[in-house]
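Since the structure comes first, as structure tokens, the remarks are kept for the end.
The values are calculated or read from the model by the stated rules, or taken from the named source; none is laboratory data. Source: prediction; values computed, not measured. Reconstructed Cβ throughout: ideal geometry from the backbone, glycine too, with neighbour counts over all protein chains shown. The protein model used for the area step is the full one, side chains on, heavy atoms only, and it has no ligands, DNA or RNA in it. Shrake-Rupley method; radii C 1.70, N 1.55, O 1.52, S 1.80 Å.
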Amino acid sequence: MKFANRVVSRVFFITGKLGVVIAEMALLGLMLLTVYAVMTRYLFRSPSIHALEVSQYLLLVISWMSVGWVLIVGRHVRMEALYNVLPGLLKRFSDILSGLSVLVFCGVIIWAGSVNVMTALDKGYRSSSLLSFPMWMPYTLIPLGGILLLMAMIYLSLKDKA
């Protein structure tokens, strides 16, 4: 059983790390796209009509792909001032309550996000810009981010047992 826990834990850790690497590449792309948009607008007086929309999609990738890793490294939102003064038993209770809340949130976000993806695919939703981007693609980031967050939560709970 310990071997299975270690394997699952390792796979979930690597998946979280892969998500943050994708987010870092998207951040680099966002930076390059922003430089391009500024240059075309102010140097060549010919603004890009797609830069803003693509930037929004890259921001979504950055946000949803890094959510699991943020939890793994302990940088998620927490009331540190209160948490640090709690005695050991209350800290453990707080961690369990926080973990259960994350599990419920993940379930809701995966379910609702999947419904949005299926609706966008079924009805052929596209962005209203000239790019006319199929909306199921950015909507897919929502349940994917929920899965990454769920995997990170499972990783943390398995890490505590190992």
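Considering the conditions (1) at negative phi; (2) free of Cβ contacts under 8 Å to residues at least 24 places away in the same chain; (3) exposed (fewer than 14 other Cβ atoms within 10 Å of the Cβ), Arg45 is excluded by exactly one of them, (1). Counting only residues that are open to solvent by less than 50 Å² (accessible area, probe 1.4 Å) and either part of a strand (DSSP E or B) or in contact (Cβ under 8 Å) with a residue 40 or more places away in the chain (or both), segment 130-149 holds 8 of them. Here is a list of conditions, (1) modelled with pLDDT of 95 or more; (2) farther than 17 Å from Tyr155 by Cβ; (3) open to solvent by less than 70 Å² (accessible area, probe 1.4 Å), and Phe13 meets all of them except one; can you say which number that is? The number of the failed condition is (2).
Each residue in segment 81-116 was checked for being open to solvent by less than 80 Å² (accessible area, probe 1.4 Å) and either among the basic types (Lys, Arg) or in a helix (DSSP H, G or I) (or both), and 19 of them qualify. Would you call Gly29 closer than 30 Å to Ser157 by Cβ and either open to solvent by less than 60 Å² (accessible area, probe 1.4 Å) or part of a helix (DSSP H, G or I) (or both)? No; evaluated as a whole, the condition is false for this residue.
Scanning segment 60-75 for residues that are farther than 22 Å from Leu28 by Cβ and assigned to a helix (DSSP H, G or I) returns a single hit, Leu71. Looking only at segment 117-124, decide whether some residue is closer than 21 Å to Phe13 by Cβ, open to solvent by 40 Å² or more (accessible area, probe 1.4 Å), part of a helix (DSSP H, G or I) and of a type in the set (Asp, Glu). There is no residue in segment 117-124 that is closer than 21 Å to Phe13 by Cβ, open to solvent by 40 Å² or more (accessible area, probe 1.4 Å), part of a helix (DSSP H, G or I) and of a type in the set (Asp, Glu). Is it the case, given these coordinates, that Arg78 is charged (D, E, K, R) and part of a loop (DSSP other than H, G, I, E, B)? It is true that Arg78 is charged (D, E, K, R) and part of a loop (DSSP other than H, G, I, E, B). Would you check if Ser157 is more than 13 Å from the chain's Cα centre (by Cα), more than 17 Å from Met65 (Cα to Cα), in contact (Cβ under 8 Å) with a residue 40 or more places away in the chain and not in a helix (DSSP H, G or I)? Criteria not met by Ser157. With respect to the conditions (1) out of contact with any helix residue (DSSP H, G or I) (no Cβ under 7 Å at 6 or more places or on another chain); (2) open to solvent by 60 Å² or more (accessible area, probe 1.4 Å); (3) among the hydrophobic types (A, V, I, L, M, F, W, C), Leu60 lacks only one, and its number is (1). Checked against the criterion of being more than 13 Å from Leu148 (Cα to Cα), assigned to a helix (DSSP H, G or I), at pLDDT below 95 and not basic (Lys, Arg), the candidates Tyr57, Tyr36, Tyr42 yield just one match: Tyr42.
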